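Novice: Just passing along the structure, written as structure tokens.
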Amino acid sequence: MIVLHSLEVYAGKRASQRTKTFLLHNIVNPIVAMDVMRMLKEGSPKNSRLMDETVIKSIHTKIWKVGFGDPNDDLTGIDHTRLEALQLTATLVKYHYSVLQDARKDIIKFGWTHIRLEDVINKYAAYVVTGYCIAHYETPANVVQRVYLSLLKTNQNAGQALVTQALELIATTFPNKCNADDPNSVWAVTPHRILTEERQHVQQITTVFSFLVKHADFFYKYRDKFIILIVKSLRAIAPLPNCSGQSKKLVLQLMTLVWQWEQQRVKGKQMLTPEEHKLENSADMFEYEIPDWARAEMVTYLLEFIVSLRRPSPPLPANAEVATASLPPSAEMINSMSILHSLLHPQYWGGVDIDLSKIIEILLAGDPTDNKWVDSMMNTLQVVRVIADVKPHILKSMPLLEKLLEMSKKSDNSENLLLPI
């Protein structure tokens with residue numbers, strides 16, 4: 001069999017690192033991948049034509065039980081060999097974990113050894129292997145917690161997709177490893193500690209916040225540990241008006257997360273029976289309410305976020321003219337406006353104070369012939385429309401708004417600008 005022969009050559013003393021990399025990358029890994037695809041297509045994951053006892057034993061003895069020699073011999077070749085070996089291991093543990101019980105300890109040791117590498121890509125690829133082991137095999141809690149902490153503390157862009165993959169694998173074990181009644185569960189305390197201690201490292205808190213967003217339901221019962229940190233971090237992640245698209249995406253996800261938690265709190269509280277209200281544990285889950293100052297701070301940021309959004313500008317033929325205000329709103333605009341409208345509903349944050357004076361003053365000092373000004377003006381009027389719908393009394397105390405409306409008439413898009421009003 002070609003796989004067994006390749007593994008024999010791979011394990012031979014005469015094989016260079018380049019040869020080993022070639023064998024794994026071009027022969028062994030593709031054949032294993034094709035076998036997995038065939039199994040999945042046939043719906044028989046346990047009926048592999050390739051992974052019999054002989055092949056498993058060969059991989060076990062020739063890869064998982066042996067080292068890679070001195071890394072200084074040929075660093076580039078060894079790194080590629082490691083990456084291919086880790087890829088093979090991850091695939092096998094993912095799809096054939098049930099027949100790898102005898103090799104389990106060596107596989108875990110193999111992954112753990114690579115986690116200690118300085119090379120970022122191979123290190124995080126090893127975390128993925130370890131993640132599959134944690135997901136499929138009984139693993140000591142202290143080992144799982146150590147891996148969880150290390151992944152959440154990641155502060156490098158390189159290998160971020162691998163970090164996310166490894167974290168998602170660990171997250172699959174939460175239902176079995178987490179005590180839902182423990183308010184100080186390590187799964188909640190760990191990300192809270194990182195966010196508290198590492199607020200100055202934006203990349204690091206980005207990893208943690210992205211993880212929270214993906215597991216909103218799980219972290220809901222621990223939301224009191226995170227909501228204030230989320231609100232305080234919005235400007236650090238995406239300082240307005242100039243920030244990257246990825247930063248805007250994350251802060252919008254975080255504000256959506258806060259809204260989802262608030263929605264879940266209100267709905268849950270409404271569904272409690274009189275008897276459940278008397279039970280401390282049942283009531284406490286829904287009792288935590290965000291302080292008024294934090295609500296006001298997030299709404300203020302959300303208003304500034306909406307105003308700062310640019311409207312889409314599709315390519316136009318030469319000499320073509322189009323009114324900026326006539327272009328359709330972006331998905332960011334639709335989602336952020338929806339959050340604003342929902343949060344200002346009386347049963348949620350209806351009592352929060354709203355102050356548009358700073359935003360309006362900036363617009364009054366701007367140039368109504370500038371396209372960015374037109375975008376901001378259009379967005380501001382959309383905000384006013386939402387406020388008028390849920391809190392009309394606020395508009396009566398906004399004399400600056402009248403000046404802004406007068407100024408908008410100087411714009412080339414004046415007719416379209418006033419459509420929201």
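Novice: Ordering 221, 41, 214 by how much accessible area each has at a 1.4 Å probe, largest first, what is the list?
Specialist: 41, 214, 221
Novice: Tell me, what HN-Hα J-couplings in whole Hz come from the Karplus equation 6.51 cos²θ - 1.76 cosθ + 1.60 at θ = phi - 60° for each residue of region 237-243, using x for Gly and Pro?
Specialist: 3J(HN,Hα) across region 237-243, in whole Hz: 6, 9, x, 8, x, 9, 8.
Novice: Between residue 201 and residue 141, how high is the FRET efficiency from 1/(1 + (r/R0)^6) when r is the Cβ-Cβ distance and R₀ = 25 Å? Nearest 0.05.
Specialist: It comes to 0.40.
Novice: To the nearest 10 Å², what's residue 355's accessible area with a 1.4 Å probe?
Specialist: Accessible area of residue 355: about 100 Å².
Novice: Of all accessible surface on region 89-166 at a 1.4 Å probe, what whole percent is carbon and sulfur?
Specialist: 49
Novice: Each residue of region 150-155 in order: what ³J(HN,Hα) in whole Hz does its phi give by Karplus 6.51 cos²θ - 1.76 cosθ + 1.60, θ = phi - 60°, with x for Gly and Pro?
Specialist: Values, residue by residue: 4, 5, 5, 8, 4, 10 Hz.
Novice: Find the accessible area per residue for region 120-200; the probe is 1.4 Å, ligands and nucleic acids are left out, and the unit is Å².
Specialist: Per-residue accessible area for region 120-200 comes out at 45 Å².
Novice: Under the 0.36 nm per residue contour assumption, what length would be gained going from the current alpha-carbon distance of residue 292 and residue 176 to full extension?
Specialist: Value of the extension gain: 38.1 nm.
Novice: What spacing in nm lies between the two simple spin-label points modelled at residue 228 and residue 331, each 7 Å away from Cα in the Cβ direction?
Specialist: It works out to 3.4 nm between the two label points.
Novice: Tell me, how many Å apart are the Cα centres for region 141-198 and for region 211-246?
Specialist: 16
Novice: Ok, one more. Show me the ranking of peptides 234-245, 160-171 by mean Cβ neighbours inside 10 Å, starting with the highest.
Specialist: My ranking of the peptides, most packed first, is 160-171, 234-245.
Novice: Going by a ≥ b ≥ c, the root eigenvalues of the Cα gyration tensor, does region 71-166 fall in the rounded group (a/c under 1.5), the prolate group (a/b larger than b/c) or the oblate group?
Specialist: oblate
Novice: As a test question: what accessible area, to the nearest 10 Å², does residue 393 have when a 1.4 Å probe is rolled over all protein chains in place?
Specialist: Accessible surface of residue 393 is approximately 120 Å².
The values are calculated or read from the model by the stated rules, or taken from the named source; none is laboratory data. These figures come from a predicted structure and were not determined experimentally. Positions of Cβ are backbone-derived with ideal geometry, glycine not excepted, and every protein chain shown enters the neighbour counts. The area values use the complete protein model at the heavy-atom level, side chains included, leaving out ligands, DNA and RNA. Shrake-Rupley method; radii C 1.70, N 1.55, O 1.52, S 1.80 Å.
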